[in-house]
Each structure stands twice: as structure tokens, then as C-alpha cells.
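Each remark here refers to the structure printed beneath this line.
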Amino acid sequence: MLSAYDASRDRRYLECTIRSGDWYIQNSTLDGAIYYHTTRNGKHLSFDFCTSAVGCAVIMWTDLWIRLKEERYLEAVEKGLGFLLGAQLGPDMEDRNLRGVFFERLNPTDGTETPGFHVRDIATIFAVQAILKLLESSKDREFYYFGYPRKF
């Protein structure tokens with residue numbers, strides 16, 4: 001929608017993006033999660049969050065923040081960034097092929113204490129794109145995620 005707006009300067013495209021960005025803000029959780037299936041009243045399943053959707057939302061919120069300079073988008077970006085970084089598997093993963101990836105969602109519990117991560121490349125792709133968009137647009141800015149300032 002923003003590309004269509006840039007090409008045409010037709011405000012309907014910008015307004016559509018604003019409505020979408022605001023919908024994602026209203027339907028994200030306190031920790032920044034966005035869910036695959038969100039009902040009209042904002043309810044969702046416990047194990048149904050979608051990391052790739054958070055990455056897409058952060059890209060959109062960053063674009064809206066750049067264009068409109070409205071704090072609500074920056075706050076959403078910071079919350080989404082915290083969620084994304086929390087969904088990244090660390091360097092201490094036993095399987096070295098999983099180090100650094102972003103998992104898409106948690107699998108429902110299977111009766112053991114082992115967390116089940118559903119790994120999809122789309123989660124990593126959108127998370128990396130979101131972080132790059134953020135870095136490109138905000139040189140030397142401190143962002144707050146997990147409640148602490150971090151120079152990103």
C-alpha cells in the first residue's frame with residue numbers, strides 16, 4: 001500500500017496502511033506477539049502466535065513512523081523488536097544449524113518439559129528484514145526492548 005501511495009500520492013493507500021498498522025497495534029499482546037487467528041474481539045489460541053507476522057508488522061510500523069513521526073508506531077516497533085529478539089534461538093543451541101534462527105511459533109505441549117519450536121524460514125526472513133529496515137531508518141537511536149535501552 002505504501003508503494004502504491006508513493007507512486008500515486010493517492011491518500012487512500014496511506015490511509016489503508018494506517019488502518020492496517022493500527023489494527024496490528026490493537027491486536028498485538030503486551031509482549032508484542034501477533035497471532036495467526038485473531039477473532040473480531042481480539043481473542044486467540046495460546047500457541048498460535050506468528051513471529052513472521054510480527055516481523056511484517058514491524059516493517060509496516062517502521063515505515064509509518066518514518067512518514068508520520070507518530071509515537072504509537074515507534075512504541076509498537078520497540079515492542080515488536082523485543083518479541084522478535086525473544087524468538088531468536090541463541091548461540092548455545094545444541095543443533096548448530098538452528099543458531100540465530102527465529103522460530104515461527106511454539107508447538108503445543110506434548111506432555112514433556114521440552115519446548116517444541118516450529119521453525120520456518122519465513123520467520124527469520126521477515127525478522128531480519130524488519131531489523132534491517134529499523135537500522136537503516138534510525139542511525140544512532142537507542143531503542144527500548146525488554147524494558148531496557150539498547151543501542152541497536
- Please name all residue pairs, on different chains or six or more residues apart, with Cβ atoms under 6 Å, provided the first residue is in segment 28-47 and is on the phi > 0 side of the Ramachandran plot and the second residue is modelled with pLDDT of 85 or more and part of a loop (DSSP other than H, G, I, E, B). Gly42/Asn27
- In segment 87-105, what residues are of a type in the set (A, V, I, L, M) and either assigned to a loop (DSSP other than H, G, I, E, B) or touching a residue at least 24 places away in the same chain (Cβ under 8 Å) (or both)? Ala87, Leu89, Met93, Val101
- How about segment 106-125: which of its residues are without any contact (Cβ under 8 Å) to a residue 60 or more places away in the chain, of a type outside the set (Val, Ile, Thr) and surrounded by 11 or more Cβ atoms within 10 Å (Cβ to Cβ)? Leu106, Gly116, Phe117, His118, Asp121
- Task: Mind listing just one residue for me: the one in segment 132-152 that is within 20 Å of Arg67 (Cβ to Cβ) and surrounded by 15 or more Cβ atoms within 10 Å (Cβ to Cβ) and, of those, modelled with the highest pLDDT?
- Result: Lys133
- Message: Among the listed residues Gln88, Gln129, identify the single one that is at pLDDT 90 or above and closer than 24 Å to Tyr5 by Cβ.
- Response: Gln129
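The values are calculated or read from the model by the stated rules, or taken from the named source; none is laboratory data. Because the structure is predicted, anything quoted here is derived from the model rather than measured. Every residue, glycine among them, receives a Cβ derived from its backbone with ideal geometry; neighbour counts consider all protein chains shown.
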